Amino acid sequence: MNRYLLAALLSAFVFVSCNNTLYPVSENEKVGYIDHKGIMIIEPVFDKGDDFSEGWALVSEGETLRYINDKGEFINSESYEMAAPFQDGMALVVRDGLVGYINRKGEEVIPPSYLRGGNFSNGVSSVFSQEEKTYLINKKGERLKELPYEYMGDFQEGLALVIEDGLCGFINTKGALVIPTVYEFADNFSEGLALVVSESLGGYINTKGKLVIPHQYVYSSKFSDGLALFAEDGKAGFIDKKGNTIIPPNYVFAGDFNYGLARVQIDEKMGFINKEGELVIDPVYDYGENFKEDLALMVQDNTLSYINRKGTVVWTDRPGKEE
């Protein structure tokens, strides 16, 4: 299963990657937030900071973990041991080692009482109780159904990945198994298709469970911007939703397409190509992330920078930069 996981994203001061219009930056060992032009909107006063999701971002000050809005205001007075970004209007929070959920007003709508929990999507989430049972719950915390699975992922496009006896399938938001647990590995649905693996080869099914791209890939990823990454003979390229090769496998490394651009490695340096396979941002970076709306966080000579989709640097953490 691990060989189907993408390389870990850069995590110098970002907890989780989510799209929004403010971006965390580190100055003088503190984190603040800039806009897409590189203008500081929230001064760097936090020890760590996450990207914004649904109007809120996780920040920490010492042992205090809280949510702020785009003005730097706290959602409530509560501090959490752990927390997750908002999704579907709800955020998972941990207090006293137990999982609960708050809404976007900061109200604790499901008190911390579970050992584990997923993210809400389509109005439901999975939780693992102290009695070691898995339940499907709604936003009121009502238990809709007990589930028999050893693992359950978040709902994406109305379906959630489940594992039973080591094999993967999918359930709907009512908890009914709609795609049987027959696959060695599966990824979440994205843009109507999901990667599934049989006999160590990846293919793609639609939401009805029909195989639309045959099992043929030693490595491939989910669809994003209409294309999916695949590997052949150690090189990465891209296919469309019919399985046609759109960009030949010419790259030692490539990332998923996001906002029309994808990271690629050329001669040990990273740049960006468009969906026609044209190099549009020169490969001068050592590493970096996908674009999140307007900006991408990149590393060059141990220096963090945000670039826009034209390749222009809008913010950089230059050593010795004036305060």
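The values are calculated or read from the model by the stated rules, or taken from the named source; none is laboratory data. Predicted, not measured: the structure shown is a model, and the values here were computed from it. Glycine also receives a Cβ, built like all others from the backbone with ideal geometry; neighbour counts cover every protein chain displayed. Heavy atoms of the whole protein, side chains included, go into the accessibility calculation; ligands, DNA and RNA do not. Shrake-Rupley method; radii C 1.70, N 1.55, O 1.52, S 1.80 Å.
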Handout entry: Scope the range 139-154; condition in contact with a Phe, Trp or Tyr (Cβ under 9 Å, 6 or more places away or on another chain) and either basic (Lys, Arg) or in contact (Cβ under 8 Å) with a residue 40 or more places away in the chain (or both); matching residues
Key = LYS139, GLY141, ARG143, LYS145, ASP154
Practice task
Could you grab me the full set of residues in the range 138-148 that are open to solvent by 90 Å² or more (accessible area, probe 1.4 Å), closer than 19 Å to GLU108 by Cα and outside any strand (DSSP E or B)?
Solution key: LYS140, GLU142
Exercise for the section: Would you please name the residue that is farthest from ASP240 (Cα to Cα), looking only at residues in the range 178-211 that are touching a Leu at 6+ places or on another chain (Cβ under 8 Å) and either of a type in the set (Asp, Glu) or in a loop (DSSP other than H, G, I, E, B) (or both)? Expected result: GLU184
Exercise for the section: Identify, by number, the condition in (1) assigned to a strand (DSSP E or B); (2) in contact with a Ser or Thr (Cβ under 8 Å, 6 or more places away or on another chain); (3) open to solvent by 10 Å² or more (accessible area, probe 1.4 Å) that PRO214 doesn't meet. Expected result: (2)
Completion exercise
Looking across the range 89-137 at residues that are of a type in the set (A, V, I, L, M, F, W, C) and not in a strand (DSSP E or B), the single one that is farthest from ILE68 (Cα to Cα) is LEU115
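I need the strands (runs of 3 or more DSSP E) fully contained in the range 259-323, keeping only those with at least 2 residues that are at pLDDT below 95 and open to solvent by less than 60 Å² (accessible area, probe 1.4 Å).
Numbers: elements: 262-266, 269-273, 279-285, 295-300, 303-308, 313-316.
Answer list for the range 259-323: 303-308.
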Practice task
Give me a count of the residues in the range 33-88 that are part of a strand (DSSP E or B), in contact with a Ser or Thr (Cβ under 7 Å, 6 or more places away or on another chain) and under 26 Å from ASP154 (Cβ atoms).
Solution key: 4
Handout entry: Hits in the range 37-46 - residues which are crowded, with 16+ Cβ neighbours inside 10 Å and either free of Cβ contacts under 8 Å to residues at least 24 places away in the same chain or over 23 Å from ARG104 (Cβ atoms) (or both)
Key = GLY38, PRO44, PHE46
